[in-house]
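Below is one structure, written out as C-alpha cells; the observations come after it.
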Amino acid sequence: MNKTARRIYETIRHDPIVSPHGHCEPSWFADDAAFPDPTTLILTPDHYLFRMLLSQGVSLADIGIGTPPDQRDNRAIWNLFAAHWDRFLGTPSHSWLTYMFRETFGCDLAFGPDTADEIYDHIDAALKTPGFRPRALFRSFNIETLATTDAATDPLVHHQTIRDSGWEGRVIPTFRPDALFDPADARFAPAMAELEKMHDIEGFPGFLDALRQRRAHFKALGATATDHAQEVLRTAWIPERMGDLYAKARKGTCTAEEAADFNAHMLVESARMSCDDGLVMQIHAGSRRNTNAALLRKYGRDMGADIPVATDWVRGLGPLLDQVGHVEGFNMILFTLDESTYSRELAPMAGHWPCLRIGPPWWFHDSARGIARYFDRVVETAGYHNLAGFNDDTRAFCSIPARHDVWRQGVATHLGKQVKRGLFGIDDATRIAGLLSTGLARSAYRLEI
Amino acid sequence: MNKTARRIYETIRHDPIVSPHGHCEPSWFADDAAFPDPTTLILTPDHYLFRMLLSQGVSLADIGIGTPPDQRDNRAIWNLFAAHWDRFLGTPSHSWLTYMFRETFGCDLAFGPDTADEIYDHIDAALKTPGFRPRALFRSFNIETLATTDAATDPLVHHQTIRDSGWEGRVIPTFRPDALFDPADARFAPAMAELEKMHDIEGFPGFLDALRQRRAHFKALGATATDHAQEVLRTAWIPERMGDLYAKARKGTCTAEEAADFNAHMLVESARMSCDDGLVMQIHAGSRRNTNAALLRKYGRDMGADIPVATDWVRGLGPLLDQVGHVEGFNMILFTLDESTYSRELAPMAGHWPCLRIGPPWWFHDSARGIARYFDRVVETAGYHNLAGFNDDTRAFCSIPARHDVWRQGVATHLGKQVKRGLFGIDDATRIAGLLSTGLARSAYRLEI
Amino acid sequence: MNKTARRIYETIRHDPIVSPHGHCEPSWFADDAAFPDPTTLILTPDHYLFRMLLSQGVSLADIGIGTPPDQRDNRAIWNLFAAHWDRFLGTPSHSWLTYMFRETFGCDLAFGPDTADEIYDHIDAALKTPGFRPRALFRSFNIETLATTDAATDPLVHHQTIRDSGWEGRVIPTFRPDALFDPADARFAPAMAELEKMHDIEGFPGFLDALRQRRAHFKALGATATDHAQEVLRTAWIPERMGDLYAKARKGTCTAEEAADFNAHMLVESARMSCDDGLVMQIHAGSRRNTNAALLRKYGRDMGADIPVATDWVRGLGPLLDQVGHVEGFNMILFTLDESTYSRELAPMAGHWPCLRIGPPWWFHDSARGIARYFDRVVETAGYHNLAGFNDDTRAFCSIPARHDVWRQGVATHLGKQVKRGLFGIDDATRIAGLLSTGLARSAYRLEI
C-alpha cells in the first residue's frame, strides 16, 4: 500500500459492515446461544479450510465431518489443522484467520502447532463470555445489515423470532428458489412437496402464484433480494411450453433438455417477479457443484468440491435481458468465477444495461490479488457506479470483519494507484472508497437506511 | 511512469499520428465545414459516452438520439452529460476528454456540472474559428495518414472530392464488405442490390469479379486495407458449394448454417484477393452486435450494445491459413475482444505465421490498463515486430490525439519497466518506442511514405 | 527485484537442478560425444527460435531444416539468426541465450550481427574441449536429475547404456504412450506394430498387459512418471466398449468419435496403472499440434506450429477423477496453455483433490511475466504445496541453467512482493523458495534422493 492508499484506507477502515449476501445461520441471532467451541465455530463450517486440508491428504473424517458434533474431538481437530497451517501460506484463509485471532479474539500469538493449544484455550474462554455471543459479536463487528440465504420454502422461523424479539440487529433473509427451478436436481421433488404443503397449487400458474406469495413472505421479513446459483447460465422465454414442462417436472419425467428449459424459463419468470416486487436479482453462475462423486455419496453436498467452469454471460443472459432489461427499477447483480469474463463480458454489459451491476470477486477470487485483478479489469469499462460494492458470502461468521478488511485494503491499494497514475485526486478517491466500502452495497441491494 | 519511461515518452510524444483504422467521416475533410457545436462533435458520435450514461439511467432519448439534429437542445444534453461526469472516473473516456479539453481546446477548467456551460461556450467559440475546421485540426493534430472505414458499395464520393481538391492531407478509405458476405444480415439484400447497380453480375464468379473491381476502386483512392467484423470467427474453403450457396443467398433462402458457410468461404476469397492486390486484411472478431433488441428496434444499429464473446482464433482461422498462410506479401492483422486469447492464441500464432500481426488492444481494452495487459501477455511470445502498432478506431475525431497519447504513455510505461527489469537498454527501448508509436503501423498497413 | 527478493534469490540461485520433464536426447549422455557446432547445439533444436524467425520471414529452409546436417552451412545460419536477433527483444529466448553465452560459455560480448562470428568461434572452440562434453556439462550445470521423454515403445537402449556405463549422472526416461492411445493419429499403427514386436498381444487385455510391461521396463531404468499430450482433454470409463473399439482401432476402422472414446478411456487406464505402479501421471493439455498443413507436409511434425486452444479441465478430467481421484499414492500433474484456467479451474481443483498438483507455466508461458501471472493466479487458492515446482521442458540442453534461473528469479520476485505485502516473513519466504526451486519437483515426481 502506498502512502495515499494508507490515507484512503483510514477513511473506510472503521465503516459499518454491510453484508448483503452470505450464509450465516439466522438461528444464531434468534437464539443468541454461546458458540460451542473454536473448532465448531471457525473450522467446521469453512470449506476454504477443509478443502485445502483435503488436498494435502487430511481426510474429511479426520476433521470430524460425518461424525456427530458431540462425538468429535474438537481439540484434536484443531491441532491437526494447526499442524497443516503452513499449507495456507499465501491464501486468504491465512490472512483472515490471522486477522480474526488478533482483532476479534485479541490474541497476538502466531498460530501454528506450538501455539495451537494456547490459542484454542484463549478463544474457548472468550466464547463462554457474553461479549462473544452472536448478537454481541454482531454489534462489536459493527454490522449494519446481514443477509442470510434461505431456501424458497424455508418458513423463516428464526427470522421471525429475531423480528419478534425486538432486537435492533438487522438480519434479513434472501430468497433462493434453486431447488424449485431445476427438475434435474435431486432436491426438486422434496422442495415442491414442501411448497405444496404451504400453498394450494393448480398447474403452472398456481406454481407462479405460490412463488409470488413466498417472495412476499420473505419481503415482509426484510428480504431485498433473491439469489440464483447456475452451473451453466441459460435463460429462455417459452411461456407456451411451460404448462407441459411443469406437468412433466411434477411427474419427474423431464428429459435433461426439458429440465434445462424449465430452469432457463424460470429465471426469466423470477426476473419478471423482481420487476413487480422490487427484489434485487442475484445470479451466481459457473460453479459446477459437487464434482467429487465419492465425497458426495459419503458426506453429501457442499464439501468443497464445487469447481468453476467457463461461463457465457452474453448469450446466457440474452433472453432475460430482452424481456426485462429496460424495466425501470429492475436490478440485477452478476457474480462470476470465470475471471476472463470480467473484461470480456461483465464490464461491457454492466457499462450498457441500466439494470446490471457487477458483484464483487467471488469465492476463490475474494482475495487480495483477486481483488486487484477485478479492479484492473472492470473499472475502465464499467466505472465504479456499476459495481455492487462488497459482500463476504461466508458461513464463517467470525471471518466477516477480516474479509471486509481485506476488501477495504484492496480498495485503498487500487485507489492509491489510480491517484498515483493521475486519474483523479485524493478527494475523488476517498469518495469512491466510501462507495466501494458501503455505499454501493447499500444502493445495489436497496439497503439504504 | 518511472524516470526511464518518462524519458522514452518524450521521444515519441510528438510523433506524427498514423491512424490506419477508424471511423471518421470522409465528408468532414471533403467539405471542410465547421463542426456545428460541442455536443454534436464530441458527445453524440461517441458510443463510449452514451453507453455509460445509459447504464446509469440516462435514456438515449435524453441525449438526443432519435431526435433530428436541428431539434436537439445541445446545451441541455451537454449539461446532462456533465451532471454524470463522475460516473466516468477511472475510464479512458475520462482521460480522453480531459486531454481534449486541455490540449486541443486549451481549456484548463476541470469539467463538471459547475463548469459545463463555460466549457461549452469555450469550445463552441473555438469551433467557429478557422483553426478548428476539420482540415486545420487534421494539420494541428499532426496526422500523417487517416483511414476511414467504408462499405464495399460506397461510391467514395467524399474521398474522390478530397483527392480532387488538391489538399495535401492523406485520408484514405478502407474496404469493408461485411454486408455482402453475410446472407443472414438484414443489410445483405440492399448491399447486393447496390453492387448490382454498379456492376453487371453473372453468378458467383461475377460476384467475385465485382468485388475485385470494388477493391481496385478503393485502392485507386489510396486504400491499403480491408476490414472484416465477425461475431463468431469461422473460415472455410468450399468453392464447390459456392455456386449453389450464392444462388440461395440471392433468393434469400439460405438456412442459418448455409449463410454461415457462405460467410466463412468469403473470408478466404477475400484473403486470396489480398494475395493478388496487396490489400492488408484486418479481422475484428468476437463482438456480438446489437445485443439489446429493444434499442435496436427503436434506434437502429451501433447503439453501444455490442458485447464481446469468447473467440477461437486457432480453429476459426485454420482453413484460411491453410490456403494463404504462406503466400509471400499476404498481411493480416487480428483484433480480439477476448483478452484470454492474447497469450493463448494470438501471440503464439503471430509468433509463427509470417502473414500475421496482432492489432492493438481494441475497443473496451484501448485503455491504460488494457494496454498494460496487452504488452504483458503478447510480447514474450510474439516479440515487438509481430505487432501492428496502434490505431484509434474512433468516430470521435477530436479524441484522436488523446487516444494516441494514452497509447504512447502505455508504450513508455511498459518499456520503462522492461529496462528496469534488465531486458534491454534505453537505446533499444527508444527504438522500439518509435516502432510502436508509428513504425509498425506504417509497415503493417503499408503506409510508408 | 526488490531487496528482499534479491536476498531470497541468493538462497536458491545455486541449488542443484531438478529437471523432471524435458526432451533432451539420452544418446548425448550415453555416447558423451562432443556437440558438433554452435548452430546444431543451440539453434536447430530450439523451436522457440525458428518459429520467431519464420514469423519474421525467414524460411525453415534458410536455417537448414530439411537439409541433411552435414550439408548445412552452420556459420551462415548462425549469422542469419544474429541478423534477426533484435526480433527477440522482450522474449525469454533473448534472456536464455544471453545467460547461456555469458554464464555457460563465459562470453561477455553482446550477441548481434557484429559479434556473431566471434561468438560462434568462441563457442565452437569450447565445444571441442572436454569440459563441454554432455556429461561434463551435466556436472557443471549441477543437474541432480534429468528426465527425458520417450515413446512407450522405445527400447531405451541409450538409457540402458548410461546405466551400464556406471556414470553417476541421473538420467531417467519418462513413459509417453500418446501414439498408442489415439487411433486417429498417423503414428498409431506403426506404434502398435512396434509394440507387437516386443510383446505377444491377445485382444484388449493383452494390450493392457503389454503397456504394463513397458511401464515396468521404464521403471526399471529409473522412470518415475508418464506423460500424456492431449489437444482436447477428455476422459471416459467405458470398459464394456473397449474390446470392440480395440479391434476396430487395430483394423484402422475407428470413426473420429470412436478414436476419441478409445483415447479418453486409455487415459483412465493409464491412471489406474499409475495407482498400481506409482508412476506419476503428467497431462499436457490444450496444444493443437501441427496447425500449419504446408509445413507439416514439407518438414514433418514439431516445426513450431503447435498452438494452444481453450481447455476444459473440470469436465475433461471428471471421469478420471471419479475413478482414481481418491486412491492414496496416485499423483497427477497438470500443465495448461490456457492461462484463464489457472484461477478458474486448476487452482480450485488442486486445492481440493489430494492427487493433483499444478505444473509450472508451460511453453509460451515459461517466461518472466508468465511466471508472475502464474503465481498471481494460483497461489491464493492452491497455496504452494499443491504446485509441482519447475521443469524446463526443453530439448535445448544448454538452456537448462538459464531456464531454471529465470524461474528462480521469478520465484524470488514473487516472494519478495509477498513479504512486502505482509503475508509472511523472510523465513517462510526462504523456505518456500527452496520448495519451489527443488523440493516440490522432487516430491511431486518422487525423485527424492
Test: residue in segment C:340-348 that is open to solvent by less than 10 Å² (accessible area, probe 1.4 Å), more than 10 Å from every other protein chain (Cβ to nearest Cβ) and aromatic (Phe, Trp, Tyr): no
What about residue A:340, is it closer than 30 Å to residue A:40 by Cα, of a type outside the set (A, V, I, L, M, F, W, C) and at pLDDT 95 or above? no
What's the number of the only condition in (1) under 24 Å from residue A:326 (Cα atoms); (2) in contact with a helix residue (DSSP H, G or I) (Cβ under 6 Å, 6 or more places away or on another chain); (3) of a type in the set (Gly, Ala, Ser) that residue A:179 fails to meet? (1)
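Tally up the residues in segment B:211-231 that are open to solvent by 50 Å² or more (accessible area, probe 1.4 Å), within 24 Å of residue B:317 (Cβ to Cβ) and outside any loop (DSSP other than H, G, I, E, B), please. If you could, list the steps in order and put the result at the bottom.
Of segment B:211-231, the ones open to solvent by 50 Å² or more (accessible area, probe 1.4 Å) are B:212-213, B:216-217, B:219-220, B:231.
Then drop every residue that is not within 24 Å of residue B:317 (Cβ to Cβ), which leaves B:212, B:231.
If we keep only those that are outside any loop (DSSP other than H, G, I, E, B) too, we end up with B:212.
Looking only at that region, the number is 1.
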Being over 11 Å from residue B:43 (Cβ atoms), at pLDDT below 95 and either of a type in the set (Phe, Trp, Tyr) or outside any helix (DSSP H, G or I) (or both) is the filter here; which residues of segment B:62-102 pass it? B:66, B:67, B:68
Please indicate, with yes or no, whether at least one residue in segment C:50-66 is of a type in the set (S, T, N, Q) and away from chain B (no Cβ under 14 Å). no
Please go through segment C:5-16 and pick out each residue that is open to solvent by less than 40 Å² (accessible area, probe 1.4 Å) and not in a loop (DSSP other than H, G, I, E, B). C:5, C:8, C:9, C:12
Only one of C:110, C:179, C:126, C:116 is hydrophobic (A, V, I, L, M, F, W, C) and assigned by TED's automatic domain parsing to the domain that holds residue C:228; which? C:179
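Quick check, is residue A:371 open to solvent by less than 10 Å² (accessible area, probe 1.4 Å), within 14 Å of chain C (Cβ to nearest Cβ) and under 16 Å from residue C:340 (Cβ atoms)?
The answer is no for residue A:371.
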Kindly indicate the residue of segment A:379-396 that is surrounded by 24 or more Cβ atoms within 10 Å (Cβ to Cβ) and closer than 25 Å to residue A:23 by Cβ and also nearest to the other protein chains (Cβ to nearest Cβ) among those meeting that condition. A:387
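Is segment B:396-412 home to any residue that is in the same structural domain as residue B:8 (by TED's automatic domain parsing) and over 21 Å from the mean Cα position of the chain (by Cα)?
Yes, segment B:396-412 has at least one match.
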Selection count, segment B:29-41, where residues are under 23 Å from residue B:93 (Cα atoms) and open to solvent by 30 Å² or more (accessible area, probe 1.4 Å): 2
Of all residues in segment A:349-363, count the ones that are assigned to a helix (DSSP H, G or I) and either modelled with pLDDT under 95 or open to solvent by 10 Å² or more (accessible area, probe 1.4 Å) (or both). 1
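To keep it simple, each residue is scored yes or no on (1) crowded, with 20+ Cβ neighbours inside 10 Å; (2) within 23 Å of residue A:121 (Cβ to Cβ); (3) at pLDDT below 95.
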| residue | (1), (2), (3) |
| --- | --- |
| A:18 | yes, no, no |
| A:26 | yes, no, no |
| A:43 | yes, yes, yes |
| A:60 | no, no, yes |
Here's a check for you: in segment C:128-156, which residue that is surrounded by fewer than 19 Cβ atoms within 10 Å (Cβ to Cβ) and of a type in the set (Ser, Thr, Tyr) is nearest to residue C:179 (Cα to Cα)? C:140
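Listed residues C:178, C:200, C:124; which is within 30 Å of residue C:268 (Cα to Cα) and surrounded by 14 or more Cβ atoms within 10 Å (Cβ to Cβ)?
C:178
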Of the residues that make up segment C:232-241, is at least one within 18 Å of residue C:191 (Cβ to Cβ), buried (at least 18 other Cβ atoms within 10 Å of the Cβ) and either in contact with a His (Cβ under 9 Å, 6 or more places away or on another chain) or assigned by TED's automatic domain parsing to the domain that holds residue C:211 (or both)? no
Quick check: anything in segment C:353-364 within 14 Å of chain A (Cβ to nearest Cβ) and free of Cβ contacts under 8 Å to residues at least 24 places away in the same chain? no
Looking for something assigned to a helix (DSSP H, G or I) and either open to solvent by 50 Å² or more (accessible area, probe 1.4 Å) or of a type outside the set (Ser, Thr, Tyr) (or both) - is there at least one such residue anywhere in segment A:165-175? yes
Pairing a residue in segment C:23-49 that is assigned to a helix (DSSP H, G or I) with any residue that is crowded, with 21+ Cβ neighbours inside 10 Å and among the charged types (D, E, K, R), where Cβ atoms lie under 8 Å and the two sit 6 or more apart in sequence or on different chains, gives C:26/C:150
Checklist (1) at pLDDT 95 or above; (2) more than 22 Å from the chain's Cα centre (by Cα); (3) buried (at least 17 other Cβ atoms within 10 Å of the Cβ) applied to residue A:22, failing item: (2)
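Which count do you get for residues in segment B:304-325 that are farther than 15 Å from residue A:322 by Cβ, part of a loop (DSSP other than H, G, I, E, B) and within 14 Å of chain A (Cβ to nearest Cβ)?
Qualifying residue count, segment B:304-325: 6.
The values are calculated or read from the model by the stated rules, or taken from the named source; none is laboratory data. Given the structure is predicted, the values throughout are model-derived calculations rather than measurements. Counting neighbours? That spans all protein chains shown, and the Cβs are built from the backbone with ideal geometry, glycine included. Side chains are part of the model used for accessible areas, which takes the heavy atoms of the whole protein and leaves out ligands, DNA and RNA. Shrake-Rupley method; radii C 1.70, N 1.55, O 1.52, S 1.80 Å.
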